[in-house]
Structures are given as C-alpha cells and as structure tokens.
Amino acid sequence: MALRISQLKIAVIGRGRVGLSLYRALKEHRFGRVVSLSHKAPGDNFGSCNVLILAVPDSTIGTMAKKIAYITFEDPSIVLAHTSGLLLADELAPVKLNHSARIQIASMHPLQTFSDRKQTELRSIFFAIEGDRNAILCVRRIIELLGARHFLIRKEQKAIYHAGAVVASNFSVALMQMAVRLLSHLGKKENEALTLLRPIVLNTLHNIFSDGISKSLTGPAARRDFKTLRIHKKMLRQVEPLYISAYNELTKICLSIPLNASKKGRS
C-alpha cells in the first residue's frame, strides 16, 4: 500500500551537498517530520520514520542498507531510496530480504550540480527515478511537492543516463578549463579569461536551448574549414599537447552534427 503524503516521516541520511540541499528543501516545505544525520550508520532512532533517503557516497550505500536491515520500524510499510546517479535501486534489495517490514526501494537522482558554496535550489530541476512501484509513487509525490519534476528510467538505462549527466556538467567544466588555459598564453589570469569567455559561452547555451544543437554550431567545423583546424592542431602541439586528443575527438563530434544549409559557412 502506498504511503500518503500526510503520513510521511522522512529521514534524510547524509550531510553532503545533496543531502543538505534535500533536507533543507523538505524542511522549508513543512513535511510532517524530517530529520537529518551525518554519514554515521542509522539505528533504531529512525524507527519512527517510514521514508529513508540515503544521500551518501555510492561506496557506502550497501553498508548503510545492511545497517537499516536491523532497524525496528514502527510502520509496517517503509520506503527506502538513494540519490545515486549510477547505482540502481537494487543496491538496497538485501534490506527487503532481511526485514519483516514491507520495504519498497527506489533511486531518485537529482539531475543537477551541487556547489560547496550554498544550498542548491531544487525547484524546477528533474529527478531520474526507478525502482518498486509504491516507492516510485512515494518519491514522485515528494519530488512534486518540492516543486521539482521527474522522469522514469529503466534499469538498463541508468549508466547511460549518468554518463550523459557527467558529459553535460563535468565536461563543461573541463572544456572551460581548456579555454582558460589557452587564453593564459595571452597573459590572461583565470578571472580575466572567464570574463572574456562569458558572453560567447552564455550566447552559445542560449542558442542551444532556443534553436537546438544543429542550428547552434558555428566556427571552422561548421564551415568545414579544415585549414583552420590544422592550424589549431599545430599550435596545440606546441603549447598544450595534452589537449590534442580532446580537440581531435571533439572536432569529429562537431563534424558529425547535421547542419542546415542556411547554417553552413557561419563563423
């Protein structure tokens, strides 16, 4: 039986960036009971809770789950979820086999980057969710009440989903590091280089989300200007040889993007 939102007693386990952002958002929305804990293993002090969300490193999820198996819960129906972007809800499956309570499991990964500097806003972001039916119904309702959105993925899609998220977030940082490093050869410090790059980066992102990917590609790859590409690679061999491989592979991806006739030739 699915838990009603008014019945929820939620424990967010983990004081990392994701855990704290989730915990604070839940407190702001005045859920019935929300508690928080460090990475220490949960014990019977969580027995009155019926929803446990593990926002802990992937390497500790299995260990946490084993500890949860020994908790005596007051409620016969429990939802147990984790926030890993890579691991499946099945990581929590041993708890179901070793507990008298009816435990439903899910994974609920926030598709967002979390900074050390401040609480990350969860409203309007997406959560990727998968797991048992009743657990999905429960976490989906929690996500909706936080003002966020969700989408379902299948087990076999989890790794490719996470890879896509890593490319979008982490590799964007890596690309900016490459650009800043190249501008350092002009004598520009990081903050100066970022100031110079800000307009072109923001306008590129605006074009992508407004017009789509194929209409947003400009520059030598879009023009099929192979002479310029060769000059770039010659320069990189001299000043930043580490970037040659990435430049070559990214150029191949740019060349694989289908272009509209009206876009060809743009600088």
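The values are calculated or read from the model by the stated rules, or taken from the named source; none is laboratory data. Predicted model only: the values in this text are computed from it and were never measured. Ideal geometry is used to build each Cβ from the backbone, glycine not excepted, and the neighbour counts take in all protein chains shown.
Does Ile78 qualify as being closer than 27 Å to Ile160 by Cα and among the β-branched types (Val, Ile, Thr)?
no
So that you can scan it fast, the table gives a plain yes or no per residue for (1) exposed (fewer than 15 other Cβ atoms within 10 Å of the Cβ); (2) within 12 Å of the chain's Cα centre (by Cα); (3) closer than 30 Å to Thr251 by Cα; (4) without any contact (Cβ under 8 Å) to a residue 12 or more places away in the chain:
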residue	(1), (2), (3), (4)
Leu122	no, yes, no, no
Asp132	no, no, no, no
Val139	no, no, no, no
Leu145	no, no, no, no
Phe151	yes, no, no, no
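Which condition from (1) surrounded by fewer than 18 Cβ atoms within 10 Å (Cβ to Cβ); (2) farther than 23 Å from Pro42 by Cα; (3) at pLDDT 95 or above; (4) under 14 Å from the mean Cα position of the chain (by Cα) is the one that Leu86 breaks?
For Leu86, the exception is condition (2).
Looking only at the stretch 90-128, which residues are part of a loop (DSSP other than H, G, I, E, B) and among the hydrophobic types (A, V, I, L, M, F, W, C)?
Once the filter is applied, which keeps residues that are part of a loop (DSSP other than H, G, I, E, B) and among the hydrophobic types (A, V, I, L, M, F, W, C), the stretch 90-128 yields Ala101, Leu111, Phe114, Leu122, Ile125.
For Ala168, indicate whether it is touching a residue at least 12 places away in the same chain (Cβ under 8 Å) and either under 30 Å from Ser107 (Cα atoms) or among the aliphatic types (A, V, I, L, M) (or both).
no
Go through the stretch 48-80 and report how many residues are under 20 Å from the mean Cα position of the chain (by Cα), assigned to a loop (DSSP other than H, G, I, E, B) and among the acidic types (Asp, Glu).
Adding up the residues that qualify gives 0.
How about the stretch 221-252: which of its residues are under 21 Å from Gly187 (Cα atoms) and of a type in the set (Lys, Arg)?
Lys233, Lys234, Arg237
For the structure I just gave you, tell me whether Val51 is at pLDDT below 85 and among the aliphatic types (A, V, I, L, M).
Considered against the rule, which asks whether it is at pLDDT below 85 and among the aliphatic types (A, V, I, L, M), Val51 comes out as no.
Mind counting the residues in the stretch 89-98 that are of a type outside the set (Val, Ile, Thr) and either buried (at least 19 other Cβ atoms within 10 Å of the Cβ) or in contact with a strand residue (DSSP E or B) (Cβ under 6 Å, 6 or more places away or on another chain) (or both)?
Total meeting the criteria: 4.
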